[in-house]
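Below is one structure, written out as structure tokens; comments come after it.
The values are calculated or read from the model by the stated rules, or taken from the named source; none is laboratory data. Note that the structure is predicted; figures quoted are calculated from it, not measured. Because the Cβ atoms are built from the backbone with ideal geometry, glycine has one as well, and the counts that use them run over all protein chains shown. All accessible areas refer to the heavy atoms of the entire protein, side chains included, with ligands and DNA or RNA removed. Shrake-Rupley method; radii C 1.70, N 1.55, O 1.52, S 1.80 Å.
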Amino acid sequence: MKMLITQCKVEIIRILRNPYYVFWSLFMPILFYTLFTKIFNTGIGNQEEWQAHYLMSMTVFSVMGTSIMTLGIRLVEERAKGWSMFMRITPLSDSVYFISKMAGQTFIHVFSIVIIFLAGAIINGVKLSAVEWISSGSWILAASLPFLAIGTLIGNMKKVDTASGISNILYLGFAITGGLWMPIDILPEFIQNITTYLPAYNYGNGAWLLVKGELPEWSNVVILAAYLAVFMILSIYIRKKQEAAVG
Amino acid sequence: METIITLNGVTKKFKEMKAVDDVTLTIQKGEIVAILGPNGAGKTTTIMMMLGLLQQSSGTVTLFGSPPKEKKVRERIGTMLQEVSVIDALTVREILQLFRSYYPKSLSIHELVTLTGLNEEDMKKRADKLSGGQKRRLSFALALAGDPDLLFFDEPTVGMDISSRRKFWNTVKELQNKGKTVVFTTHYLQEADDAADRIILFQKGKVIADGTPAQIKSKLSRQSVSFVPGQNALSFEELRSIPAVTEVYQKGDRCYLVSENSDIVVAEIFNRKLDVKDILVESGRLDEAFEQLTAQEGADVIENVNNAV
């Protein structure tokens, strides 16, 4: 138990001290939020609704980033540097290691959500009911699973450079095509046509609906679950294949 | 004597290449054992199998009577591997605390600091910001964190300066006095000789010699008997006929008889009352013999060593 708690603590400290996390998952979302709700005039009619909507976009953007980038790149790094091999000689079991990684990651997600929500409340005085705050926060936390699966998929890569390159492209690609940076109506038509099938849109849409007092659509849940399944199966398949190649 | 490590007919194949070929050995409690051999002799592969990080193709490996992957075994071993860079974003103190939490009994931070020569300044540093030497010390401290009964060091002194080396081996001796067993790999005969009380010599995946440093050295060394031939000097052919002589050559005015057993040669010289003077018995330089052994061309020397064993 002491082992698990220490391990979790260490995982959390490591993420908090990671400059990429602080930049992409805290600084950038809050900066964008300030820019697009305070500084540029977006010409969107209902300001209050836009401020709540964009707060969700940015929180989703933040947590998605931590899931894909922090987890994936860290896994590759740990393997490339021989660290994961070294851990295998210690009495720390794989399950404790995995659980503490996930628990640490979850803690960080909650932390990011709280910070960005607070930023929204302070910068724009966004007012939501307690149910809306909690339900949208919970949605963002729970629906990050498919992105964590993408993270572990990236975690199978051999080189840190490839992993960070690909995760960056995915991350920004998802954010733009999912309408997280700007409303979907502004995007080119061909993106609008496919966006509802892409993971980031469905992730964001759940939160957008919740702050309007509605429930996420079934399609959001189903599509995200499908992505989760696909990424997990792929990740496990690749892992098995790599193990076979080594053994 | 308590047996700590047992390898029984252990072979490891990579594709069709045998990296380790039918190795059988046991290591007893309290021994400091050097696994000596050139690069590619199978030293690291053997250590990896002892640690359960590589699965042997055939044979059995047991540590404390159990397979190395078992948790109760892991709780009793400590390891320093080659080129393991340490976990990032944590300070030395945090990493040591983390590792101490893995083991049922652990050494205090204070003990780890004294044993490894880390200082207070290093403790506050981020592990990834440490210099090469400091990293080695940290990695030594991590190996000791769980107060292990058995320690593995893979090329431990690579990148250490002379004083760190001395400090390191002194600590290892201290650990031995506390009843710890130590296994390390090296490709320096000198280091194995200085630090170990037993040397297991590896060549091409096989154990070619196993004994105390003195035994290994005598197996490796080529002795020669030399003299200045007198008036009635013998021909080379006649000299070669002396038992135990393997090679005869002349250098300057001296004639050299190379042999594995200089005693016999000297006795023969007197028995036959050869016309020689100024007899000298020399042992060939060890490091040369070792280099020869470990070089590709040294295949015949290996044969000789094998025969001698």
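Add +1 for every Lys or Arg and -1 for every Asp or Glu among the other residues with Cβ under 12 Å from the Cβ of B:V158, and state the total.
On the way: positive: B:K135, B:R136, B:R165; negative: B:E83, B:D154, B:E155, B:D161, B:E191.
Here the count lands on -2.
Helix-derived [θ] at 222 nm for chain A: sum -39500 (n - 2.57) over DSSP H runs of at least 4, divide by residue count, nearest 500?
Working: 12 runs with 176 residues, N = 247.
Mean residue ellipticity, 222 nm, calculated: -23000 deg cm²/dmol.
Find how many whole Å separate the alpha carbon centroid of segment B:20-41 from the alpha carbon centroid of segment A:55-108.
Answer, in whole Å: 37.
At q = 0.07, 0.09, 0.11, 0.13 Å⁻¹, work out log10 I(q)/I(0) for chain B with the Debye formula, treating every Cα as an identical point scatterer and leaving solvent out; two decimals please.
Here log10 of I(q) over I(0) equals -0.37, -0.56, -0.75, -0.93.
Under 18 Å between alpha carbons, and skipping anything fewer than 8 positions from A:K212 in its own chain: which lysines qualify?
A:K127
Taking the Cα atoms of segment B:164-265, report the difference between the largest and smallest coordinate on each principal axis, in whole Å and largest first.
Cα spread of segment B:164-265 along its principal axes, largest to smallest: 62, 28, 22 Å.
Which of B:F236, B:L280, B:H187 sits closest to the plus end of the dipole of chain B, meaning its Cα is farthest towards the positive end, when Lys and Arg get +1 and Asp and Glu get -1 on the C-beta?
B:H187
What pairs from A:K241/B:K206; A:K9/B:K125; A:K240/B:K206; A:K241/B:K72 go past 20 Å between their alpha carbons?
On the way: A:K241/B:K206 31 Å; A:K9/B:K125 18 Å; A:K240/B:K206 32 Å; A:K241/B:K72 30 Å.
From A:K241/B:K206; A:K9/B:K125; A:K240/B:K206; A:K241/B:K72, over 20 Å: A:K241/B:K206; A:K240/B:K206; A:K241/B:K72.
How large is log10 of I(q)/I(0) for the protein assembly as shown at q = 0.09, 0.10, 0.12 Å⁻¹ when the intensity is taken from the Debye formula with one equal scatterer per alpha-carbon?
-0.80, -0.91, -1.11
Is it possible to state the helix-based mean residue ellipticity at 222 nm for chain B, with each DSSP H run of 4+ residues giving -39500 (n - 2.57), the sum divided by total residues, to the nearest 500 deg cm²/dmol? What is it?
On the way: 13 runs with 113 residues, N = 309.
The helix-only estimate for chain B comes to -10000 deg cm²/dmol at 222 nm.
Can you tell me the orientation of helix B:262-271 relative to chain B, as the angle in degrees between its alpha-carbon axis and the longest Cα principal axis, to the nearest 10?
Relative to chain B, helix B:262-271 is tipped by roughly 10 degrees.
If amide H atoms are built 1.01 Å from N in the plane of the peptide, which residues on other chains or at least 5 residues away come under 5 Å of the amide H of B:Q203?
For B:Q203, whose amide H was placed from the backbone, the distant partners under 5 Å are B:I208.
Per residue of B:53-62, count partner chain C-beta atoms within 10 Å of its C-beta, then hand back the mean as an integer. It would help to have the intermediate numbers written out before the result.
Working: counts 4, 2, 2, 0, 0, 0, 0, 0, 0, 0.
What the average comes to for B:53-62 is 1.
Straight-line reach from B:K251: which lysines have Cα under 17 Å away, leaving out those fewer than 8 places along the same chain?
List returned: B:K277.
Please compute, for peptide A:6-19, the average count of beta-carbon atoms on other protein chains lying within 10 Å of each residue's beta-carbon. Please list the in-between numbers first.
Working: counts 7, 3, 0, 4, 8, 0, 0, 5, 5, 1, 1, 5, 2, 1.
Taking the mean over all residues of the peptide, I get 3.
Taking amide H atoms as placed 1.01 Å from N in the peptide plane, list the residues 5 or more away in sequence, or in a different chain, whose amide H sits under 5 Å from that of A:L187.
Sorted by chain and number, the residues that satisfy this come to none at all.
What does the charge add up to near A:N202, with Lys and Arg as +1, Asp and Glu as -1, over the other residues with Cβ less than 15 Å from its Cβ?
Details: positive: none; negative: A:E214, A:E217.
Residues close to A:N202 contribute a combined charge of -2.
Would you mind checking the tilt of helix A:2-16 against the longest principal axis of the Cα atoms of chain A, expressed as 0 to 90 degrees and rounded to 10?
50 degrees
For A:C8, B:C255, give the ranking by accessible area with the largest first, probe 1.4 Å.
Values: A:C8 25, B:C255 5 Å².
In descending accessible area the options line up as A:C8, B:C255.
Starting with the highest mean, order B:167-179, A:112-124 by the number of other Cβ atoms within 10 Å, averaged over the residues of each peptide. Please report the intermediate quantities before stating the final value.
On the way: B:167-179: 14.8, A:112-124: 17.9.
The densest-packed peptide leads the list: A:112-124, B:167-179.
When chain B is treated as a GNM, springs tying every alpha-carbon pair under 10 Å, which of B:S241, B:S224, B:S262 comes out with the largest mean-square fluctuation?
B:S241
For chain A, I need the span (max minus min coordinate) of the C-alpha atoms along each principal axis, in Å, sorted largest to smallest.
Reported extents, whole Å, longest axis first: 61, 40, 31.
Rounded to the nearest 10 Å², what accessible area does B:H110 have for a 1.4 Å probe in the complete protein model?
140 Å²
In the neighborhood of A:S67, defined by Cβ-to-Cβ distances under 15 Å, what is the net charge if each Lys or Arg adds +1 and each Asp or Glu adds -1? It would help to have the intermediate numbers written out before the result.
Working: positive: A:R74, A:K101; negative: A:E11.
Combined, the nearby Lys, Arg, Asp and Glu give +1.
Under the rule a/c < 1.5 gives rounded, and otherwise a/b versus b/c splits prolate from oblate, where does segment B:223-283 land using the Cα gyration tensor? Please list the in-between numbers first.
Working: a/c = 1.33, a/b = 1.18, b/c = 1.13.
Rounded.
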